[in-house]
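J.: Please see the structure below; I have some questions.
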Amino acid sequence: MDRNHVSAATSNHALGYDMTAFDYLASTTDQRLNQLKEFLRFPSVSAQSDHKADIRDCATWLNRHLNDIGLTSKLEETAGNPVVYAEYHADSDAPTVLYYGHYDVQPPEPLDLWTTPPFEPEIRDGYLYARGATDDKGQTFTHIKGLEAVLKSEGRLPVNVKMLIEGEEEVHSANLPGYLKKNKERLKADIAVISDTAQFDKKRPAITFGLRGIAASEITVYGPNRDLHSGSYGGAIANPITVLAQLVAQLHDKNNKVKIPGFYEHVRPVSRKTRQMYETLPFSERTFLREVGAKGLHGEKGFTTYERKWDRPTCEINGITGGYQGEGAKTIIPSFASCKITMRLVPDQDPDDVNRKLAAYLKSICPPSVKLKVDLWGGASAVVVPNDGPWLDAAAAAIKKGFGKKPVFMKEGGSIPVVADLKNLIGVDTLLLGFGQNDDNIHSPNERFRIVDFENGCRTAAALPDELASVSTR
Ligand code: BES
Ligand code: MN
Ligand code: MN
């Protein structure tokens, strides 16, 4: 297979088109950035119910945009937020590529830490700042613009396209499996493509071949039926914050292993091959710590930082609350305290099973002086996708064209629930082509997307269909 030819340059003249897809992209930079800003202005926060209308407006805008660039797009209902689903038919013999992205975003809070408001996108110092800039509106948009560039320069796409952009990824994609099952035949594809991850670093683009899974929950400790005067009752009635802190403190042992009985039951050891592969990836403790501003490394004893991030399960407290947190002092024993927990999972751990083990453990160690409520939420399984083969070669070639550099292969500690669902329900493997950076502040104030990464992402996306078209499906 000849990976070095630029087919746009060889075929478009014959069709009466004068430019290559890359030329088209180069001449539309401002337009593309302005369109992305429009997309980013919708506060499509899936975790907050008062944004239901914004979610729908965002999906409606996206649907129109996909129709405008020449795909056939529809807004489709699920049991939750709508899905935007678009298709393009090239040729029954050509491979079918299923693109996935998500148009919902994380809550923008805390708002006062944003330099400019999260839903008023602004370009500064070579970055586009807004909630969703990288995760995942910006990255999804690279593929939309990449396909548009090929259509505009060549008049057609060399692959059949199915594009599924959902609005509930940040809340565990709970309603997506139902949609996938219902539309199983329609969604059949040879390969899936997702850009919702990061590059290895600013010098090295990456293809990700593994993601951790997740199991989420919220626990509440109930004490007295109202806040009590801590002088009148303190010492005689259990304080729910103290009890909650004691429970949380019993989740890990002194080696930072998770103490939930059975937690590691299905966890496979890190293979020698994986260890060797990680040894080829550069790691600087100083840079790693400087980037996040932490004082020292931390983690499960006996494992390297890459193994801790990519191959070992974890248990994290994401938020904890209770009692009085306003100005000045207030002497109370609070009525209740709660915290949010997510556990990152590795292959063979089942989210529901691990959640049930967490609940059983907490109940077993909770003192009888309080009432414990455990709400188990959804989850997602970990995935490992192939890290070699013709699809990977094609993706790597597209990245080489878009970024001018070959990708490294890595894993991610984060989760994208649809990847396991696509494999299990539709039988399709996913290529994870990440265009973000670790310091893009996803899920954090001042989320941003580097303009060069957006540009190189669009170029990669424009080169990708040709590369995928040359992979034989028979
Ligand atoms: N795009 C992220 C996944 C990700 C995170 C990739 C970090 C690369 C680096 C995705 O939108 C995400 O945040 N997923 C959630 C899933 C959860 C809510 C089910 C996550 O990982 O917390
Ligand atoms: Mn994402
Ligand atoms: Mn996210």
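What follows draws every value from the coordinates through simple rules; no lab data is involved. Every value quoted in this text rests on a predicted model; they were computed, and no experiment measured them. Virtual Cβ from ideal backbone geometry, glycine too; neighbours counted across all protein chains shown.
J.: Would you calculate the volume per residue, in Å³, of the smallest convex hull containing every Cα atom of the range 222-278?
T.: On the way: hull volume 8.4 nm³, N = 57.
Once divided by residue count, the hull of the range 222-278 is 147 Å³.
J.: Could you state the angle between the C-alpha long axis of helix 29-40 and the longest principal axis of the C-alpha atoms of the chain, as a value from 0 to 90 degrees rounded to the nearest 10?
T.: Computed tilt is about 30 degrees.
J.: With angles folded into 0 to 90 degrees, how steeply does helix 52-68 sit against the dominant principal axis of the chain? Use alpha carbons for both and round to 10.
T.: 10 degrees
J.: Compute, for the chain, the length of the dipole vector about the Cα centre, with Cβ point charges of +1 (Lys, Arg) and -1 (Asp, Glu) only. Units Debye, rounded to 20.
T.: On the way: 57 positive and 61 negative charges, 289 e Å.
It works out to roughly 1380 debye.
J.: Cross-link partners among aspartates and glutamates for residue 363, C-alpha distance below 13 Å, same-chain residues fewer than 8 apart left out?
T.: Cross-link targets: 375.
J.: Continuing with this model, one more query. When DSSP beta bridges are limited to those with both residues in the chain, what percentage is antiparallel, rounded to the nearest 5? Walk me through the intermediate numbers first.
T.: Values: 51 of 73 bridges.
Of the beta bridges lying entirely in the chain, close to 70 percent run antiparallel.
J.: Let's see if you can work this out: charge +1 on each Lys and Arg Cβ, -1 on each Asp and Glu Cβ, no other charges. What is the dipole magnitude of the range 266-395 about its Cα centre, in debye to the nearest 20?
T.: My answer is approximately 520 debye.
J.: Using only the Cα atoms of the chain, what semi-axes does the equivalent ellipsoid have when each is the square root of 5 times a gyration tensor eigenvalue? Give whole Å, largest first.
T.: Working: eigenvalues 366, 119, 90 Å².
Those come to 43, 24, 21 Å.
J.: Based on the mean of other beta carbon atoms within 10 Å per residue, what is the order of 141-153, 160-172, 276-288, 201-213, most packed first? Let's see the in-between values first.
T.: Working: 141-153: 25.4, 160-172: 23.2, 276-288: 11.5, 201-213: 21.5.
Packing proxy ranking, top to bottom: 141-153, 160-172, 201-213, 276-288.
J.: A 19 angstrom limit on the alpha carbon distance is what I want to check against. Which of 203/405; 37/162; 145/423; 340/411; 202/405; 37/411 exceed it?
T.: Values: 203/405 9 Å; 37/162 24 Å; 145/423 26 Å; 340/411 25 Å; 202/405 11 Å; 37/411 30 Å.
Those over the limit are 37/162; 145/423; 340/411; 37/411.
J.: Round to a whole angstrom and tell me the spacing of the C-alpha centers of the range 265-308 and the range 125-204.
T.: Result: 29 Å between the Cα centres.
J.: Helix-only estimate, please: 222 nm mean residue ellipticity of the chain, summing -39500 (n - 2.57) across DSSP H runs of length 4 or more and dividing by its residues, to the nearest 500. The partial results should precede the final answer.
T.: Numbers: 15 runs with 153 residues, N = 474.
When only DSSP H runs of four or more count, the value is -9500 deg cm²/dmol.
J.: In addition: Please list 98-106, 81-89 highest first by mean number of surrounding beta-carbon atoms within 10 Å per residue. Present the calculation step by step, with values, prior to reporting the outcome.
T.: Working: 98-106: 25.4, 81-89: 21.2.
Final packing ranking: 98-106, 81-89.
J.: Does the range 400-474 come out rounded, prolate or oblate, given a ≥ b ≥ c as the square roots of the eigenvalues of its C-alpha gyration tensor, rounded meaning a/c under 1.5 and, failing that, prolate meaning a/b above b/c? All intermediate terms of the calculation are to be shown ahead of the outcome.
T.: Values: a/c = 2.39, a/b = 1.20, b/c = 2.00.
In terms of gyration-tensor shape, oblate.
J.: Counting other C-beta atoms within 10 Å, which of 314, 331 has the fewest, and how do the rest follow?
T.: Working: 314 20, 331 12.
So the residues, fewest neighbours to most, are 331, 314.
J.: Continuing with this model, one more query. How many angstrom separate the Cα center of the range 443-460 from the Cα center of the range 407-421?
T.: 18 Å
J.: From the convex hull of the Cα coordinates of the range 219-349, what is the mean projected area in square nanometres? Intermediate results must be reported in sequence, preceding the final value.
T.: Values: hull surface 44.7 nm².
Reported value for the Cα convex hull: 11.2 nm².
J.: As an exercise, find the ratio Rg/Rh for the range 184-232 from alpha-carbon atoms, using the Kirkwood inverse-distance average for Rh. Kindly include the intermediate steps, with their values, before the conclusion.
T.: Working: Rg = 24.1 Å, Rh = 17.4 Å.
Computed over Cα atoms, the ratio is 1.38.
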